[in-house]
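Notes for the one structure printed next.
The values are calculated or read from the model by the stated rules, or taken from the named source; none is laboratory data. It should be emphasised that the depicted structure is a prediction, and the values quoted were computed from it without experimental measurement. Here the Cβ positions follow ideal geometry from the backbone for every residue, glycine too, while neighbour counts run over all protein chains shown. Keep in mind that these areas ignore ligands, DNA and RNA; they rest on the heavy atoms of the full protein, side chains included. Shrake-Rupley method; radii C 1.70, N 1.55, O 1.52, S 1.80 Å.
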Amino acid sequence: MIRTAVPAEAEAVAGLHARARATYYPDGIPDDGTDWLATWRSAIARPDGHVLCLVDDGRIAGLASFRIPEGAPADTVKLFQFHVEPDRWRSGVGTALHAACVEQWQADGRRRAVLEVHVDNVRAQAFYTGRGWAPHPVEPGHHHLRMTLPLTGE
């Protein structure tokens, strides 16, 4: 089942986020001082944002957080976070969740989606490319690759 995350699930969402992120940091997740539980609580509560979760067997197996980024055109949506439980990779969770995101974006009248993915996360880059996302050249000194997905069949 894919549905909107609720505030009581912030801790489970933050835990999934940490487990997924740990897979592409070979030296461990850097401590940048971010309080991820508070960040996820805020994302779930945002009236201008959306956090979808895929629930299977009573457990959140995937999550996606998106909204119109500040200063962007109203027809653009940014996928800020997209994570699948590592033990559920290649099980269809990511594909189903991505399809639900695209369906929501199109229903909301968005024409373009954007995201940033860590340059070392080649697995995620392949996932997005396989679903039609186009990469932009990596800017010198940046640790993220920008990608764009047209939502109107362009």
Inset, instruction - Note down all Cβ pairs under 7 Å where the first residue falls in region 133-147 and is at negative phi, the second is basic (K, R) and modelled with pLDDT of 85 or more, and they're at least six residues apart or on different chains. - result: H136/R146
Legend entry - Answer residue from region 49-67, given it is under 18 Å from T39 (Cβ atoms) and of a type in the set (V, I, T) and is nearest to the chain's Cα centre (by Cα) among those: V51
Legend entry - Considering residues of region 85-110 that are of a type outside the set (D, E) and farther than 24 Å from I68 by Cβ only, the residue most open to solvent (accessible area, probe 1.4 Å): R90
Legend entry - Residues that are within 15 Å of V51 (Cβ to Cβ) and in contact with a helix residue (DSSP H, G or I) (Cβ under 6 Å, 6 or more places away or on another chain), drawn from region 68-124: V77, H83, V84
Legend entry - Residue tally, condition in a strand (DSSP E or B), under 21 Å from W89 (Cα atoms) and open to solvent by 60 Å² or more (accessible area, probe 1.4 Å), over region 111-154: 1
Inset, instruction - State which residue pairs qualify: first residue within 22 Å of V122 (Cα to Cα) and inside region 25-47, second residue open to solvent by less than 60 Å² (accessible area, probe 1.4 Å) in any location, beta carbons under 6 Å apart, and separation of 6 or more residues or different chains. - result: I29/R21; I29/A22
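To keep it simple, each residue is scored yes or no on (1) closer than 27 Å to L151 by Cα; (2) part of a loop (DSSP other than H, G, I, E, B); (3) open to solvent by less than 50 Å² (accessible area, probe 1.4 Å); (4) not small (G, A, S).
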| residue | (1), (2), (3), (4) |
| --- | --- |
| D27 | no, yes, no, yes |
| G33 | no, yes, no, no |
| W40 | yes, no, yes, yes |
| V51 | yes, no, yes, yes |
| A74 | yes, yes, no, no |
| H83 | yes, no, yes, yes |
Legend entry - Top-ranked residue of region 53-72 - restricted to ones that are under 17 Å from E116 (Cβ atoms) and assigned to a loop (DSSP other than H, G, I, E, B), ranked as most open to solvent (accessible area, probe 1.4 Å): E70
Legend entry - Condition met for V84 (without any contact (Cβ under 8 Å) to a residue 40 or more places away in the chain and within 20 Å of N121 (Cα to Cα)): no
Legend entry - Looking only at region 16-25, and only at residues there that are modelled with pLDDT of 90 or more and aliphatic (A, V, I, L, M), the one that is surrounded by the fewest Cβ atoms within 10 Å (Cβ to Cβ): A18
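Criterion first (at negative phi, open to solvent by less than 60 Å² (accessible area, probe 1.4 Å) and of a type in the set (A, V, I, L, M, F, W, C)) does V13 satisfy it?
Yes: the conditions hold for V13.
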